[in-house]
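What follows is one structure encoded as structure tokens, with my remarks underneath.
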Amino acid sequence: MDMEGVIVRNRYYCDEGSDYVCRRLAEELKLFGIRTNTFNVFDLLANDVFPEFAVFFDKDYTSARLLEKKGVRVFNPADSIRICDDKYATQAELYGVADFPKTVCSPLKYKASTEKDESFFDRIGKDIGFPLIAKFCVGSLGAQVFLIGDRRELEKFHSEHEAEGRIIYQEYVAKSHGKDIRIYTVGGKAIACVARESSCSFKSNAQNGAVTSGFVPTVEHTAVAERISKHLKLDYAAVDFFRTDDPLVIEVNSNAYFKEAERACGVDIAAYYARHIVKEIGC
């Protein structure tokens, strides 16, 4: 088989997790005789000749769309990346498909001002209550997620951060404090699941000290994860759920790391993804 592809990573962000997913996927694709190089999309778009496919571990969905226009099969599709990258867009797209906690998104502003929007704060207090979770619509690795205790904290937080981007204010799920489950899907099928739990933070991200372990999800959680992945046309995804009896979605990730998941579950996620890519490109 004579084919070349690229694995796209962010130009500026490098860590052990991103190194691992790029290396492992390249190794698995090589077993099918497919050569890959790792690029950042800025340099890739400077070329005159483009690969047949690109595995996108970045969030620059506009550049991913440009690659698609140039005839490149992008995993995941650019529009799928776009929807997953914005938490409010994810909820809007999945309305009627999956359940989320009660959520209010900050109104769109063309220019931040010092004027208080009392009716906005009133609605958050009435519809959600306190404590609550504040999340920037665009953010990664739990860095832009905050626990808000009361209205005074809410008003202070909003006035300090509203110029940085849109924010969703969300019901605090006390039962899932510091805990979640993550279901990995490839080609719309669930292939692995982990539980993550932190003893030092309300966030369940590994970057916040959470411990990852293998987990057997319910039939209902698995069905929702697969339905979401198919609806969003995701070749590869990780769907995060609160640790609740009924499937309640936290967010959907289009380029999640999987080193700890492979270790915890004993599932070769990279191999599943490589086989899916090979099938999709017709090899």
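The values are calculated or read from the model by the stated rules, or taken from the named source; none is laboratory data. Note that the structure is a prediction, hence the values are computed from the model and not measured. As a convention, Cβ positions derive from the backbone with ideal geometry for all residues, glycine included, and neighbour counts pool all protein chains shown. Heavy atoms of the whole protein, side chains included, go into the accessibility calculation; ligands, DNA and RNA do not. Shrake-Rupley method; radii C 1.70, N 1.55, O 1.52, S 1.80 Å.
Per-structure values
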item	result
Selected residue (only one of LEU31, LEU44 is at pLDDT 95 or above and more than 13 Å from VAL278 (Cα to Cα))	LEU44
Any hit, region 73-86, residues being outside any helix (DSSP H, G or I), farther than 30 Å from SER106 by Cβ, in contact with a Leu (Cβ under 8 Å, 6 or more places away or on another chain) and in contact (Cβ under 8 Å) with a residue 24 or more places away in the chain	no
Criterion (farther than 24 Å from GLY282 by Cα and not charged (D, E, K, R)) met by exactly one of ASN47, ASN37	ASN47
Single residue of ALA237, ALA223 found to be open to solvent by less than 10 Å² (accessible area, probe 1.4 Å) and out of contact with any Lys or Arg (no Cβ under 6 Å at 6 or more places or on another chain)	ALA237
Region 24-57: number of residues that are open to solvent by 20 Å² or more (accessible area, probe 1.4 Å) and either under 20 Å from the mean Cα position of the chain (by Cα) or among the aliphatic types (A, V, I, L, M) (or both)	8
Residue list for region 90-119, restricted to those being surrounded by fewer than 16 Cβ atoms within 10 Å (Cβ to Cβ) and in a helix (DSSP H, G or I)	ALA92, GLU118, SER119
Top-ranked residue in region 218-248 [being under 19 Å from the mean Cα position of the chain (by Cα) and among the acidic types (Asp, Glu); ranked as farthest from GLY178 (Cα to Cα)]	ASP235
Qualifying residue in region 145-160 (condition: assigned to a loop (DSSP other than H, G, I, E, B) and either open to solvent by less than 30 Å² (accessible area, probe 1.4 Å) or within 28 Å of VAL55 (Cα to Cα) (or both))	no
Residue check for ALA92: without any contact (Cβ under 8 Å) to a residue 24 or more places away in the chain and under 30 Å from VAL41 (Cα atoms)	yes
All positions within region 88-121 that are modelled with pLDDT of 95 or more and either of a type in the set (D, E, K, R) or at positive phi (or both)	GLU93, GLY96, ASP99, LYS102
Sole residue being of a type in the set (Val, Ile, Thr), without any contact (Cβ under 8 Å) to a residue 40 or more places away in the chain and not in a loop (DSSP other than H, G, I, E, B), chosen from THR185, THR222, THR212	THR222
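Conditions tested, residue by residue: (1) under 20 Å from the mean Cα position of the chain (by Cα); (2) aliphatic (A, V, I, L, M); (3) open to solvent by 60 Å² or more (accessible area, probe 1.4 Å).
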residue: ALA192; (1), (2), (3): yes, yes, no
residue: SER204; (1), (2), (3): yes, no, no
residue: VAL216; (1), (2), (3): no, yes, yes
residue: GLU260; (1), (2), (3): yes, no, yes
residue: GLY266; (1), (2), (3): no, no, yes
